[in-house]
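Some notes on the structure that comes next.
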Amino acid sequence: MEDDGGGGELHEIELEDLMLYERCGGGTFGSVYRALWKSQNMIVAVKRLLVLEKEAQVLSVLSHRNIIRFFGAVIQDPNFCLVTEYASNGSLYAYLRNPENELDYKQIVKWAEEIAKGMNYLHFEAPIKVIHRDLKSKNVVIADDWTCKLCDFGASRFIGSTTKMSLAGTFPWMAPEVIQSMPVSESCDTWSYGVVLWELLTHEVPFNGIEGFQVAWLVVEKGERLTIPSECPPFFARLMQQCWELEPKKRPSFKQILQGLEQMQTDESLPGLTNSFLEHRSIWKKEIQATLERLKKAESNLSMKERELRERELILKEREKNLEQQFNVVDLDDHDVNTWRDVDVHQWVMQLGTSGNYVDLAQYADLFLQNHINGRRLLRLTQSDLRAMGISSVGHVMDLFTEIELLKAHNIRLLNFPPLFKSIEPDSTPAKNLVTAEQKTVNITLIFGHHLRAGPAPEDTKWKMYVEVDDEETTDINPLTLIHNVIFSCKNPAYGSFRLSYPPFIMDRWCHGTVPSMTIECVVNYEKSVLKPKSTRFLYQMDGKSPSSSQKTVTLTLDQTTLTSTSPGTSTVSSVVMSTGAGSGVPPSPTRTLPHSVSTPTLQGVWKPKDFMPVTLPETTK
């Protein structure tokens, strides 16, 4: 056993003793930051957690040169953090994705051996046996001395012999028994090791471009495996095949893997074979690509209904694009954050949780609503204001402030550099060329539903929401043009918010897992041409066993937009661009003709009063 010091008792570290720098990654169960441990004058990695539980327990008893070193934890609620060694060379996954980073036989064997030693320690030499359960190249980091170390033990468990687990890993690296939520032993890590070894040899992403659940179907139902190139050196090919045996008991232990790696180094021909294999990557890479193409075809045949939905979505998107070109509407108010209501700010915070980077920020959406934070107030919030609102997590304050500053910068660009079009406000003086149509009502039916692909257990089921629209009467108005956006929100489980700004109004990605009495809040916000209602809210009860739908009929009162008439027989007017003397006596210069209903000379003087206030972004985002 190779010990690297430390381990055992959980050392408590004060939050004030840490200075967080930039975000450098995210594990399965938290975000990771580079930080300064002030009292030790040491650069460390700080992993922020919602709950301090198993990962701290696992790390506190581990001590090995190929396991990331654990220094201690911040146990102040809600600022739970783990403080570990900082690996300046990043993850193995990122290193292999860089085409400039080439490996030779010696480096591949060195890293393969170091990863195997770390896993062997977890299984056979640690104070208590540990199954990692999420071994992948993203969870292997490269230390300052170019040593590979295992990290991210959020999915790990102490075990006796076998245990049953949920979907904790990532599909391309997961063993079939893990995918199927069957009882597992340490041999599930052996399968994952085979995938990491494949990455070391090929520099490719496993099952690249194939959706996770499709990978699961291909591996479990079709018995597919990653392609081992025909020119791969026999020892490596044989080892990967053994790691990917369907029967867990047939897979080698890490003791056996290490013995094989040691014996392999006595083969004098292997270095030459391996380096020759690496030099001819352009040839054998075609084998991997051919397999991917074949699997993608199998994926497309998996669900005829899903393919039909994709085609329908493309048709609707094209139709919406044509509608936008037909109406050619540009409304600057839609982009001005200062006009947002508190409910708009609430939805913006909820949407931060759908980006994948800030999955834990949506919890503060209600807090913004309770404090009546509208768009104007949002842009003026400081970090002190966020803390005063009750956000006590330092990392969350930093993340929210960063997003607000980015939003502020985006909004200022839109306000100070508008498109060359500005609507004329109705004048109290009657004008012969302005004709206002009467208000009218339209009945539409909103159909709320969900697509569902059932899994072996509720947590394996995946779903996506949609809204369809049907008009109740013959009308010349396409009901889709009356909808500004659709927002789906789910608080239990906390999936966050999904905002759809154009048809088809169907979530663009699947959500995983259902619970009993699951409710999805559906909000349909209408365009400004709809006088009332401004929005429709519907609480959708999701059936976790089969697809279903519900409907709601709504009467919309429309304000037919004020139009400007030009000379008979034409709808185009001369459009101009402001010269450098605009607003100071210099007449504008006509440039070209645009099919707008309002001429851009009304922009004269618009740019002059704009307030170009500076926007300072936090250092972490530069």
*asked:* If I ask for residues that are in a strand (DSSP E or B) and either loosely packed, with under 14 Cβ neighbours inside 10 Å or in contact with a Gly (Cβ under 8 Å, 6 or more places away or on another chain) (or both), which ones from region 448-459 would you list?
replied: 452
*What do you reckon, is residue 149 assigned to a strand (DSSP E or B) and at pLDDT 95 or above?*
yes
*asked:* Would you confirm, using the coordinates I've provided, whether residue 178 is within 25 Å of the chain's Cα centre (by Cα), among the hydrophobic types (A, V, I, L, M, F, W, C) and not in a loop (DSSP other than H, G, I, E, B)?
replied: yes
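Suppose the filter is exposed (fewer than 15 other Cβ atoms within 10 Å of the Cβ) and either closer than 27 Å to residue 461 by Cβ or in contact (Cβ under 8 Å) with a residue 60 or more places away in the chain (or both); does residue 247 pass it?
No: the conditions fail for residue 247.
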_In region 216-230, the residues that are among the aliphatic types (A, V, I, L, M) and either under 11 Å from residue 206 (Cβ atoms) or not in a loop (DSSP other than H, G, I, E, B) (or both)_ = 216, 218, 219, 220, 226
_Given the criterion assigned by TED's automatic domain parsing to the domain that holds residue 185, within 24 Å of residue 297 (Cβ to Cβ) and β-branched (Val, Ile, Thr), identify the matching residue among 266, 227._
227
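Which of the residues that make up region 368-402 are over 20 Å from residue 47 (Cα atoms) and touching a residue at least 40 places away in the same chain (Cβ under 8 Å)?
378, 379
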_Test: residue 7 is modelled with pLDDT under 80, crowded, with 17+ Cβ neighbours inside 10 Å, part of a loop (DSSP other than H, G, I, E, B) and not acidic (Asp, Glu)_ = yes
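The values are calculated or read from the model by the stated rules, or taken from the named source; none is laboratory data. Note that the structure is a prediction, hence the values are computed from the model and not measured. Please note: Cβ atoms are built from the backbone with ideal geometry, for glycine as well, and neighbour counts cover all protein chains shown.
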